[in-house]
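The values are calculated or read from the model by the stated rules, or taken from the named source; none is laboratory data. Nothing here was measured: the structure is a model prediction, and the numbers come from that model. Methodologically, a virtual Cβ is constructed for each residue, glycine included, from the backbone with ideal geometry; neighbour enumeration extends over all protein chains shown.
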Amino acid sequence: MRYAMRTGILAAVVLATLSCSALTPKTYQLEQIHQTYTAEWAQARLPDPKSATSVQPSETGSFNATLAAIRNYKAIHGNSDAVAAHLTILEGMIHLQSGHTGMARLLEKDIAEQSATLTSASGVVARDRLFAASYPALVDGWDAIFRKSTNPKTPKDFTDPADTLVDILSGVSPDQRAAAEVDSGGAYIATSAAIFYLWSHSIDLAGHPKKEATAKGAAALKPWMSPLEIEAVEGSTDTLSERRLDFGSRQRFVDWYAWLYANSK
């Protein structure tokens with residue numbers, strides 16, 4: 001199961017690094033990484049909310065060109081500055097999106113060590129800082145989904161990381177959140193938590209009812225939706241259909257919230 005943001009983590013990095021002058025070799029290389037990631041992301045298959053837990057996902061070899069470009073960048077420019085920290089986050093998220101959770105877990109220590117550089121002068125919780133804080137729980141949850149071992153999966157394999165993600169998101173006050181229209185980091189993490197809750201339901205139908213799982217998922221995602229998106233989902237079906245073109249790359253989050261909201265009633 002692959003679940004990413006079309007804009008990519010690098011979009012903010014590139015925009016923050018570019019100036020009015022001509023591109024330097026370093027910023028040009030960053031732009032190339034961003035373009036490669038965007039192209040590879042466009043080919044990725046997105047999960048449908050209705051079938052999120054009905055089909056065992058398989059690993060994919062996608063994003064290989066982006067990973068190669070990241071390695072090349074670090075070989076040339078090193079691995080100690082803020083840009084390298086952002087690239088490490090991107091690398092980890094790609095491994096998660098590709099189902100390579102073993103590789104993703106290997107980056108936990110590096111991401112934890114570099115998280116201090118992922119700050120924002122505006123007081124808004126930087127997207128990558130949020131990813132870094134959430135990363136271990138994301139790895140645990142997606143690893144449980146992709147795991148093919150004979151050890152049986154338990155609801156706790158999914159509720160523990162989901163609850164951790166919800167706690168992390170709840171610790172970000174409304175004034176610390178970036179506008180939903182320009183930053184989908186919180187929505188991605190909340191949707192991951194919702195998926196984990198649904199998996200807990202699929203493992204234990206009686207102990208974790210679907211309505212309970214979808215209600216938890218909807219509650220986690222709603223604070224990270226824009227007022228327009230919430231209005232479209234919680235209004236009439238016609239409103240959601242009419243506004244569909246307004247959501248752009250966030251359409252996947254609107255679809256998830258719409259499905260979670262409808263199934264939590």
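Summary table
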{"item": "Given (1) in a helix (DSSP H, G or I); (2) at pLDDT below 90; (3) out of contact with any Phe, Trp or Tyr (no Cβ under 9 Å at 6 or more places or on another chain), number of the condition residue 232 does not satisfy", "result": "(3)"}
{"item": "So residue 132, is it in a helix (DSSP H, G or I) and over 17 Å from the mean Cα position of the chain (by Cα)", "result": "no"}
{"item": "Test: residue in segment 59-69 that is modelled with pLDDT of 90 or more, out of contact with any helix residue (DSSP H, G or I) (no Cβ under 6 Å at 6 or more places or on another chain), under 15 Å from residue 146 (Cα atoms) and not aromatic (Phe, Trp, Tyr)", "result": "no"}
{"item": "Failed criterion for residue 182 (all others in (1) farther than 20 Å from residue 250 by Cα; (2) free of Cβ contacts under 8 Å to residues at least 24 places away in the same chain hold)", "result": "(1)"}
{"item": "Of all residues making up segment 194-218, the number that are part of a helix (DSSP H, G or I) and in contact (Cβ under 8 Å) with a residue 40 or more places away in the chain", "result": "16"}
{"item": "Residues of segment 107-138 satisfying the condition of being of a type in the set (A, V, I, L, M) and within 18 Å of residue 161 (Cβ to Cβ)", "result": "107, 111, 112, 130, 132, 133, 137, 138"}
{"item": "In segment 109-127, the residues that are under 16 Å from the mean Cα position of the chain (by Cα) and modelled with pLDDT of 90 or more", "result": "111"}
{"item": "Any chance residue 140 is in contact with a His (Cβ under 8 Å, 6 or more places away or on another chain), among the charged types (D, E, K, R) and crowded, with 17+ Cβ neighbours inside 10 Å", "result": "no"}
{"item": "Any hit, segment 157-172, residues being free of Cβ contacts under 8 Å to residues at least 12 places away in the same chain and not acidic (Asp, Glu)", "result": "yes"}
{"item": "Pairs where the first residue, in segment 28-50, is basic (Lys, Arg) and the second is modelled with pLDDT of 80 or more, C-beta under 7 Å, 6+ apart", "result": "50/259"}
{"item": "Lone unmet requirement of (1) among the hydrophobic types (A, V, I, L, M, F, W, C); (2) out of contact with any Ser or Thr (no Cβ under 8 Å at 6 or more places or on another chain); (3) buried (at least 16 other Cβ atoms within 10 Å of the Cβ) for residue 107", "result": "(2)"}
{"item": "Test: residue in segment 172-189 that is modelled with pLDDT of 95 or more, within 21 Å of residue 131 (Cβ to Cβ), assigned to a helix (DSSP H, G or I) and small (Gly, Ala, Ser)", "result": "no"}
{"item": "Residue, nearest to residue 170 (Cα to Cα), within segment 100-139, restricted to residues that are in contact (Cβ under 8 Å) with a residue 24 or more places away in the chain and acidic (Asp, Glu)", "result": "128"}
